[in-house]
Every structure is written in C-alpha cells, then in structure tokens.
Amino acid sequence: MSGRLEGKLALVSGGGSGLGKATAEHLAEEGARVAVTDIDPATAEATADGINASFQGAAIALRHDVTDGAAWSRVLGDTRDAFGGLNILVNNAGISIHGNTETMTEDNFKTLLDVNVTSVFLGCQAALPLMAETGRASIVNISSVAGKMGNPNTIGYGTTKAGVAYMTKCVALDCAQKGYDIRANSIHPTFIETPLIEQFLKDEADLQRLHDLVPLGRICKPRDVTYAIVFLASDESAMMTGSEVVIDGGLSCGYTPKATSEEK
C-alpha cells in the first residue's frame with residue numbers, strides 16, 4: 001500500500017464483481033475505507049470480506065439498487081454512520097445490452113437509461129451534500145469509449161455512456177460554481193476483461209477479435225482502469241474536473257488494420 005488515498009472515505013457502486021470489485025480492492029490498497037454496494041448483496045459481502053481479510057475494517061457491504069433514489073439515501077446514510085463522511089464516489093454500476101436501431105427494444109433502451117444514466121444522476125445528487133460537508137472530494141463516473149464512437153450495434157449502451165460524460169461535466173461545473181471542494185471526472189475504457197464482457201464471447205476466437213480491434217493489441221485488464229480511478233480519486237489530480245480520461249489503447253483514434261509482415 002502506497003497510501004495515495006490514506007484517510008479517504010469511498011463508495012463504489014456495482015462493487016460486487018468485475019471492474020467495481022477491482023476498484024474497491026485497489027482503493028483499499030491505497031488506504032481508503034470503502035463502502036461496497038451492489039444489487040446482489042452476496043457479491044458485495046464477498047468483496048468486502050476479501051478487503052477486510054487484508055485490511056481489517058476497511059470495507060463494508062451494502063445492498064443497493066442504483067436506480068432507486070431512496071436506496072441512494074439509505075446507502076449514503078449507512079456510509080456516513082460507518083465512516084463519518086464521503087470523499088470518493090465511483091459510479092460504476094452499469095449494464096450492456098446490444099442492439100441496433102431496429103433490433104433494440106423500447107424496454108431494453110429504457111432499462112439501459114435507468115441503470116447507466118439515471119443511477120449516476122441519483123448518485124451525484126444524493127452524495128453532493130455529504131461530500132461537500134466532508135471536503136476534498138472526487139466523483140469518478142465510469143463511462144466508455146462506446147460513448148465517444150458510433151457503433152450500430154450499441155445504440156443504447158453508447159448513448160447512455162455519452163450521457164454519463166455530458167452529465168459529469170455538468171456536475172463538475174455545478175460544484176465549481178457553488179464553491180464545493182468536489183471534482184467530477186469520467187473514465188472511458190475500451191473492452192475490459194471482466195464477467196460483463198464474457199457474456200458476449202462465444203470462444204477464444206471472439207476474444208482475439210476484440211484484442212485485434214485495439215491498436216495496442218489487447219483489451220484492458222481491470223488494473224489498467226483502476227489506476228486511473230485511483231489517480232482521479234486522489235489529490236494528485238487536484239486540477240482535473242470535467243475531464244474525460246480515455247483508456248482504449250488508441251481505439252478511438254480511428255482504427256487502422258495491423259500491417260502485414262510485407263508492409264512493415
């Protein structure tokens with residue numbers, strides 16, 4: 001533990017698995033105490049137990065439906081009771097449903113909006129008073145490179161992630177204008193090796209095709225993203241607010257097929 005977040009108090013939504021789990025663990029390694037929230041309480045408990053096995057008393061687990069404003073009030077109250085405040089909010093909970101303009105159903109589109117966008121709004125809105133009271137606070141919203149690039153098969157998912165980026169800028173400016181010591185930034189990763197992406201892969205060949213899409217030759221590992229989250233959560237990024245941190249191996253620069261041996 002290097003202590004980059006020593007004394008910080010954090011909440012990570014969707015912390016029971018995937019990127020959320022990796023984020024909660026990394027924040028704790030850097031000295032933060034972490035409220036791990038998830039709609040599946042068993043996974044949240046498992047993440048918190050793993051953290052506490054290494055850093056006693058560093059984590060609590062809370063059941064959390066991020067689409068419910070009352071649930072946000074409850075988990076923030078529980079976090080305040082346990083830790084005394086909140087310096088770091090990582091809005092990580094999210095889902096992915098593929099579909100193009102004709103195949104995306106209305107119900108699925110609305111579900112994506114609720115889980116990926118409304119939840120971030122509710123989280124920021126509910127957390128601001130506690131974060132302003134605590135001071136030296138940072139909101140990190142997990143968006144995606146899909147919110148910066150068009151893709152016919154992610155019309156719903158990409159739209160929600162673009163909305164997260166725009167919302168983050170609004171929150172950042174709102175806090176700055178009100179004189180709150182709260183920053184807000186968004187992170188835009190490419191595909192990450194987590195259970196969320198595994199549901200769309202049939203075999204190793206599918207995974208290799210994803211690697212090949214990225215100019216650097218591979219998709220993200222969770223730590224590629226959590227290092228950026230730690231940076232934005234820490235005082236090292238004190239002059240960053242409203243920023244979009246892209247972690248995509250060059251994908252959003254515009255894809256160029258890899259050169260063959262004859263072309264090199």
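The values are calculated or read from the model by the stated rules, or taken from the named source; none is laboratory data. As the structure is a prediction and not an experimental result, all values here were calculated from the model. When we count neighbours, we look across all protein chains shown, and the Cβ atoms used for this are built from the backbone with ideal geometry, even at glycine.
Looking across CYS175, CYS124, CYS170, one residue alone is assigned to a helix (DSSP H, G or I), free of Cβ contacts under 8 Å to residues at least 24 places away in the same chain and not polar (S, T, N, Q). It is CYS170.
Apart from one condition, GLY163 fits all of (1) out of contact with any helix residue (DSSP H, G or I) (no Cβ under 6 Å at 6 or more places or on another chain); (2) surrounded by 15 or more Cβ atoms within 10 Å (Cβ to Cβ); the exception is (1). Exactly one residue out of ASN141, ASN151 is free of Cβ contacts under 8 Å to residues at least 12 places away in the same chain and outside any helix (DSSP H, G or I): that is ASN151. Among the residues making up region 225-252, those that are surrounded by fewer than 18 Cβ atoms within 10 Å (Cβ to Cβ) and at positive phi are GLY242, GLY250.
Could we say that THR160 is in contact (Cβ under 8 Å) with a residue 12 or more places away in the chain and more than 19 Å from ALA238 (Cβ to Cβ) here?
Numbers: in contact (Cβ under 8 Å) with a residue 12 or more places away in the chain: yes; more than 19 Å from ALA238 (Cβ to Cβ): yes.
Yes: the conditions hold for THR160.
The criterion of being of a type outside the set (A, V, I, L, M, F, W, C) and modelled with pLDDT under 75 does not hold for LYS221. Only one entry in ALA61, ALA82 is at pLDDT 95 or above, over 16 Å from the mean Cα position of the chain (by Cα) and assigned to a strand (DSSP E or B), namely ALA61.
Among what's in region 29-41 and is over 15 Å from the mean Cα position of the chain (by Cα) and over 16 Å from GLY85 (Cα atoms), pick the residue that is surrounded by the fewest Cβ atoms within 10 Å (Cβ to Cβ). Spell out how you get there, then give the answer.
Start the filter on region 29-41 by keeping residues that are over 15 Å from the mean Cα position of the chain (by Cα), which leaves 29-33, 39-41.
Next, only the ones that are over 16 Å from GLY85 (Cα atoms) stay: 29-30, 39-41.
Working: GLU29: 19, GLU30: 19, ILE39: 18, ASP40: 13, PRO41: 15.
Per the stated criteria, the residue is ASP40.
So, of the residues in region 166-200 that are over 19 Å from ILE88 (Cβ atoms) and among the aliphatic types (A, V, I, L, M), which turns out to be modelled with the lowest pLDDT? Selected residue: LEU196. Within region 201-218, the set of residues being exposed (fewer than 12 other Cβ atoms within 10 Å of the Cβ), at pLDDT below 75 and not basic (Lys, Arg) comprises ASP203, GLU204.
To keep it simple, each residue is scored yes or no on (1) touching a residue at least 40 places away in the same chain (Cβ under 8 Å); (2) among the charged types (D, E, K, R).
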{"position": "GLY15", "(1), (2)": "yes, no"}
{"position": "ALA32", "(1), (2)": "yes, no"}
{"position": "LEU62", "(1), (2)": "no, no"}
{"position": "ARG74", "(1), (2)": "no, yes"}
{"position": "ASN87", "(1), (2)": "yes, no"}
{"position": "THR103", "(1), (2)": "no, no"}
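Just one of (1) within 16 Å of ARG223 (Cβ to Cβ); (2) among the β-branched types (Val, Ile, Thr); (3) in a helix (DSSP H, G or I) fails for VAL12. It is (3). Filtering region 64-79 to residues that are surrounded by 14 or more Cβ atoms within 10 Å (Cβ to Cβ) and over 19 Å from the mean Cα position of the chain (by Cα) leaves ARG74, ASP78.
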